[in-house]
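A short worksheet on the structure shown next.
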Amino acid sequence: MCQKRKAIFNWSGGKDSTLALHRIFKEKKFEVTGLLTTLNKQYNRISMHGVRAELLERQANSLGIPLYKVMLPELADMETYETIMQRVTNSFKEQGISVFIFGDLFLEDIRAYREKQLQGTGLKPEFPIWHYPTLQAAKDFIDAGYKAVITSVDASRLDTSFAGRYFDEAFLKDLPTGVDPCGENGEFHTFVFDGPLFSKPVNFKLGETVHKSYSLNDKSVSSGFYFTDIIPSGNFSD
């Protein structure tokens, strides 16, 4: 029997990553040796999702997959990001990893960027849910028994009432016209806390919802994002 290639998974903690991981495990094509997640070094939270590192660690523990955390400066520029990621990919290559898995759905520019960055690294990019129709993907995620909570929303696309909701059929029904059912254009982000691949639920309680705007190139992004704090609750042990 041919030995499965070792892979690292570019993990956000959200539903698209989970759906892609679900497919990888179902197809049994690769051996997923680790989850790689970028975090905001200043706040110790998942970049853009705003999820606390402790919840990410509990999630990886429940999935039974080693976690690799990459700490990034607040609003890191592309040069800084690429320098850090180059060191990371080099270390994976040295470990015999040959595949880098992504949970992207349809954004061509994002896929092209990932492919370009991995050229010459010895790591082959894989996109297991590429061109998965997003409404079907959202429904399949829910029907499979996965559970997720909305951690952040783009304030220019969704109002604050969507932050902190569960990702379910009611949520999909309430989405305004033009908002992608999987939030692939950045409309919202999620944290998955239970489902078929989890050995135990990741328990949490909802905290405060806050608005945060960002400055890019000295220009304020007035719409910003609403973030709902997801607070670990209960004990979580092996």
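Considering the alpha-carbon set of segment 1-159 alone, what are its Rg and its Dmax in angstrom?
Final numbers for Rg and Dmax: 15.7, 53 Å.
State the percentage of accessible surface on segment 43-168 attributable to carbon and sulfur atoms; use a 1.4 Å probe and exclude ligands, DNA and RNA. Walk me through the numbers before you get to the answer.
Details: 3000 of 6070 Å².
Of all accessible area on segment 43-168, carbon and sulfur atoms account for 49 percent.
Kindly report, to the nearest 10 Å², the accessible surface of Met78 as traced by a 1.4 Å probe over protein heavy atoms only.
Roughly 100 Å² of Met78 is accessible to a 1.4 Å probe.
Note the full-extension length gain between Asn203 and Asp109 as 0.36 nm times their separation in residues minus their Cα-Cα distance, in nm to one decimal. Walk me through the numbers on the way to the answer.
Details: separation 94, 0.36 × 94 = 33.84 nm, distance 3.55 nm.
Additional length available on full extension: 30.3 nm.
Can you work out the accessible area per residue across the chain, with the rest of the protein chains kept in place, probe 1.4 Å, in square angstrom? Don't skip to the end; give the middle numbers.
Numbers: 12020 Å² over 238 residues.
For the chain, the per-residue accessible area is 51 Å².
The values are calculated or read from the model by the stated rules, or taken from the named source; none is laboratory data. The shown structure was predicted, so the numbers you read here are calculated from the model rather than taken from an experiment. All accessible areas refer to the heavy atoms of the entire protein, side chains included, with ligands and DNA or RNA removed. Shrake-Rupley method; radii C 1.70, N 1.55, O 1.52, S 1.80 Å.
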